[in-house]
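The values are calculated or read from the model by the stated rules, or taken from the named source; none is laboratory data. Please read all numbers here as calculations on a predicted model, not as lab measurements. FYI the Cβ positions are ideal-geometry reconstructions off the backbone, even for glycines, and counts take in every protein chain you see. Just the protein is used for accessible areas: all its heavy atoms, side chains included, with ligands, DNA and RNA removed. Shrake-Rupley method; radii C 1.70, N 1.55, O 1.52, S 1.80 Å.
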Amino acid sequence: MGLAVLTSVIWGFAYVTYKFGLESFSPAQLTVMRFLFASLPVFFVPRPKIGWLTIVLIGLILFAGQFLLLMLAYALDMPAGLGSVTQQTQAVFTVALAAVFMGEFPKAREGIGMLVAFVGLGLIALTVGGDLEPAALGLAVAAATCWAIGNMLVKRTGDAPAFPLMVWASLVAPWPVLAFSYAVDPQPSLIHAITHASWLSLAVAFYLGVPSTLLGYGLWSYLLQRYPAATVAPFSLLVPATGIISSALILGERFSPLRLAGVALILAGLAVIVWPARRS
């Protein structure tokens with residue numbers, strides 16, 4: 001339980017650090033830095049015994065796609081706490097994709113949870129304007145969709161060790177994002193950005209690559225290998241809770257009543273989906 005809580009807090013706090021990382025790096029550059037750090041163990045970790053195509057797809061979609069889209073959303077001033085909530089809709093999209101492509105149709109309880117979560121997302125969409133740009137919300141939802149697609153790809157790897165898979169997929173992720181950066185960013189090169197970055201932004205890049213990616217996914221995989229998924233999964237609800245609390249304390253973020261109702265419905269829907277049926 002302690003490791004599950006620690007992992008959720010590490011992930012939840014990461015949503016607040018994005019703002020500080022983007023002070024010195026563009027969205028693409030911060031994504032590249034994250035996975036350069038996360039791929040460092042590749043020299044010591046053997047490649048998992050799965051096809052290169054699967055590793056490349058996971059690196060492109062689950063890592064490069066998800067986090068580039070999320071960083072672009074934050075560059076458009078996506079509120080940190082709200083960003084942490086929108087990403088958890090990946091659980092809803094994962095259930096939907098599993099039904100369409102793998103024939104794993106949701107139970108009635110999961111269907112109700114998905115409906116409740118989508119209503120919550122709709123309420124948040126009604127708050128577009130002011131501090132929430134429509135493009136930012138769209139990019140954040142697209143990032144959550146990439147996460148869900150990545151979940152499907154990981155599920156197809158069977159019993160492949162999760163940590164080596166994560167490391168080798170991290171090796172794939174930086175290069176297409178770096179190409180995107182050179183094609184799109186009006187800013188100087190990545191090398192120039194690194195040499196002129198603040199210590200805080202560099203620390204954020206390290207935090208995202210090592211504690212958030214390597215340690216977080218490593219601990220989560222450790223727990224999933226030893227305990228039922230239905231026991232571990234509910235702890236992921238602490239991720240948006242941590243994101244909301246830390247963004248309020250550090251960034252002074254506040255929620256309007258309508259947005260707060262949307263957040264509450266998303267969390268309630270996710271709780272219905274992931275909480276073990278016997279504990280409902």
Looking at the structure I just gave you, is GLY59 outside any loop (DSSP other than H, G, I, E, B) and under 30 Å from GLY129 (Cα atoms)? no
Considering every residue within segment 37-45, establish whether at least one is closer than 26 Å to ARG226 by Cα, touching a Pro at 6+ places or on another chain (Cβ under 7 Å) and of a type in the set (Val, Ile, Thr). yes
Residue tally, condition among the hydrophobic types (A, V, I, L, M, F, W, C) and either modelled with pLDDT of 95 or more or surrounded by 21 or more Cβ atoms within 10 Å (Cβ to Cβ) (or both), over segment 5-19: 4
Selection within segment 143-174 - over 20 Å from MET33 (Cα atoms) and either in a helix (DSSP H, G or I) or among the aromatic types (Phe, Trp, Tyr) (or both): ALA144, THR145, ALA148, ILE149, GLY150, ASN151, MET152, LEU153, VAL154, LYS155, ALA162
Which members of segment 102-129 meet the condition of being under 22 Å from the mean Cα position of the chain (by Cα) and more than 12 Å from ILE266 (Cα to Cα)? GLU110, ALA125, VAL128
Would you please list the contacts, defined by Cβ atoms under 6 Å and residues six or more apart or on different chains, that run from a residue in segment 178-198 that is open to solvent by 50 Å² or more (accessible area, probe 1.4 Å) to a residue that is not in a helix (DSSP H, G or I)? GLN187/SER26
Just checking, which of GLY216, GLY209, GLY262, GLY243 is surrounded by 18 or more Cβ atoms within 10 Å (Cβ to Cβ), in contact with a Lys or Arg (Cβ under 6 Å, 6 or more places away or on another chain) and in a helix (DSSP H, G or I)? GLY209
State whether the residues of segment 91-113 include one that is assigned to a helix (DSSP H, G or I), open to solvent by 20 Å² or more (accessible area, probe 1.4 Å), in contact (Cβ under 8 Å) with a residue 40 or more places away in the chain and closer than 23 Å to SER256 by Cβ. no
Working carefully through the options ALA135, ALA80, find the one that is among the small types (Gly, Ala, Ser), open to solvent by less than 10 Å² (accessible area, probe 1.4 Å) and at pLDDT 85 or above. ALA80
Count - residues of segment 42-63 that are over 17 Å from the mean Cα position of the chain (by Cα) and either buried (at least 18 other Cβ atoms within 10 Å of the Cβ) or of a type in the set (A, V, I, L, M) (or both): 7
